[in-house]
Amino acid sequence: MAEDLPILIDGTQGGGGGQLLRTALALSCVTGRSFGISRVRAARIERGLRPRHVEAARAAARLCDAELSGDTVGGQRLSFAPRRPVTPGDWTFDLGTAGSAPLLLQTLCWPLSLAGGPSTLVISGATHQDHAPGFHDLALVWAPAMARLGFRFELGLQAAGFQPEGGGVLTARIEPARPMPPFDLRHRGMLREVEVLAMVGGLPWADAVAEATHAQKALTALGVASEAERLALPVRGSRGRHTLVVASFERIKSGHGATRAGERAGEGAAAEAVASFHDHIERGGAVDAHLADQLLLPAALLAAGLVEPAPGVVPATRYTASARTPHVDGTAAVIRRFLDVEVNIVGRPGEEAEIRVQPPGSGVELLPLRGS
């Protein structure tokens, strides 16, 4: 049967980043289907698997006792074959200096949410780093959005960790997924509040004060009032700063963070975070580009019927995004290989997009966006 054959994934699609592997690992754990991925990061300067990808594959393999091959740094081929269903429990993973604890959480949380009981995760590694969501972005923006789809995560931070040393520890209690009303978010509503979180770990308190001041001045120049909170994060051997701008709209929140790591972490995190916020509010999408990608996988699990919907409810998810990114397209491509769901994306690359994830043949069509 076709379902007995491994799913083959081209590692260059969707920008060829690690999100292809992480999405495939999560879906393989959920469905029990084997997969192979080739040409991993073939278009990148550092080709092949990086330490963070190897550790993610090994962690996922522990959940389902998967047969794993190709899990070597620099390798461009990896195969993953689950041997048993994921069961709930208490799980601890130590990434060392190999990568992002939040990204590993976003890989493992989905199979554990569908495992039939509550679980706890303790993940050691970097909790704040470039090109990955920080812990506070997860806690303040990502987790509340996932709860609206029926996936509940209670997050905690024991210690912050910056690259390259890592040393951070985050915890998560993962509840079994439950049915919720359909998620339909095509308009974010008015901007109600903007908060700046200026965080330092192992650096002078004055650095947090300076970052908060820079961010508030930049927001004021945009005509946006804001409140600021300065935080000294507990660290274990690493140093860095992280600035997060949280925008609360009437119907959703967006998070815009930037990290500077190292003993002499330079300025600029505030400017980068505010620039990301400005780019989002200048566009018309309800959710920011990162959350647009993060919503796809849980929406697909609902559309596939892996969470029993309420009687008479079609588990369709619909939202607009400030930008259609390669990550969105890559994640959608992997989802279509594993699950019998419809993922429709309307909008040109880099521009506002409307996204719908629904069961096959549910009969609700997307209308083209204005100007597309």
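What to note about this one:
- Count of region 140-170 residues which are under 18 Å from ALA261 (Cα atoms) and small (Gly, Ala, Ser): 6
- Taking region 69-180 and the strands (runs of 3 or more DSSP E) fully enclosed by it, the elements with 3 or more residues that are among the hydrophobic types (A, V, I, L, M, F, W, C) are at 78-81, 119-125, 153-159, 168-174.
- Restricting attention to region 190-208, the residues that are in contact with a strand residue (DSSP E or B) (Cβ under 6 Å, 6 or more places away or on another chain), more than 15 Å from ALA258 (Cα to Cα) and either of a type in the set (Lys, Arg) or modelled with pLDDT of 95 or more (or both) total 4.
- Scoring ALA270 on the criteria (1) at pLDDT 95 or above; (2) farther than 27 Å from LEU20 by Cβ; (3) not in a loop (DSSP other than H, G, I, E, B) leaves a single failure, condition (1).
- Search result, residues across region 312-333 that are part of a helix (DSSP H, G or I) and more than 15 Å from the chain's Cα centre (by Cα): ALA333
- Qualifying residue in region 190-211 (condition: farther than 27 Å from ALA126 by Cα, in a loop (DSSP other than H, G, I, E, B) and either outside the structural domain of THR317 (by TED's automatic domain parsing) or out of contact with any Pro (no Cβ under 6 Å at 6 or more places or on another chain) (or both)): yes
- Which listed residue is at pLDDT 90 or above and in contact with a Gly (Cβ under 6 Å, 6 or more places away or on another chain), from ILE37, ILE7: ILE37
- All positions within region 303-351 that are out of contact with any helix residue (DSSP H, G or I) (no Cβ under 8 Å at 6 or more places or on another chain), closer than 21 Å to ASP288 by Cα and of a type in the set (A, V, I, L, M): VAL346
- Taken over region 215-239, the residue count meeting the criterion of being touching a helix residue (DSSP H, G or I) at 6+ places or on another chain (Cβ under 8 Å) and at pLDDT below 95 is 0.
- Test result for VAL54, at negative phi, outside any loop (DSSP other than H, G, I, E, B) and of a type in the set (Val, Ile, Thr): yes
- Close pairs from region 85-102: first on the phi > 0 side of the Ramachandran plot, partner in a loop (DSSP other than H, G, I, E, B), Cβ under 6 Å, at least 6 apart: none
- One residue from ALA98, ALA145, ALA160 being modelled with pLDDT of 95 or more and either surrounded by fewer than 23 Cβ atoms within 10 Å (Cβ to Cβ) or in the same structural domain as SER238 (by TED's automatic domain parsing) (or both): ALA145
Residue by residue, here is whether (1) surrounded by 14 or more Cβ atoms within 10 Å (Cβ to Cβ); (2) in the same structural domain as PHE338 (by TED's automatic domain parsing); (3) more than 22 Å from the chain's Cα centre (by Cα) holds:
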position: SER38; (1), (2), (3): yes, no, yes
position: ARG41; (1), (2), (3): yes, no, no
position: GLU55; (1), (2), (3): yes, no, no
position: CYS64; (1), (2), (3): yes, no, no
position: GLY70; (1), (2), (3): yes, no, yes
position: GLY74; (1), (2), (3): no, no, yes
position: ARG77; (1), (2), (3): yes, no, yes
position: ASP94; (1), (2), (3): yes, no, no
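The values are calculated or read from the model by the stated rules, or taken from the named source; none is laboratory data. Predicted model, so just to flag it, every value in this text is computed and none were measured. Because the Cβ atoms are built from the backbone with ideal geometry, glycine has one as well, and the counts that use them run over all protein chains shown.
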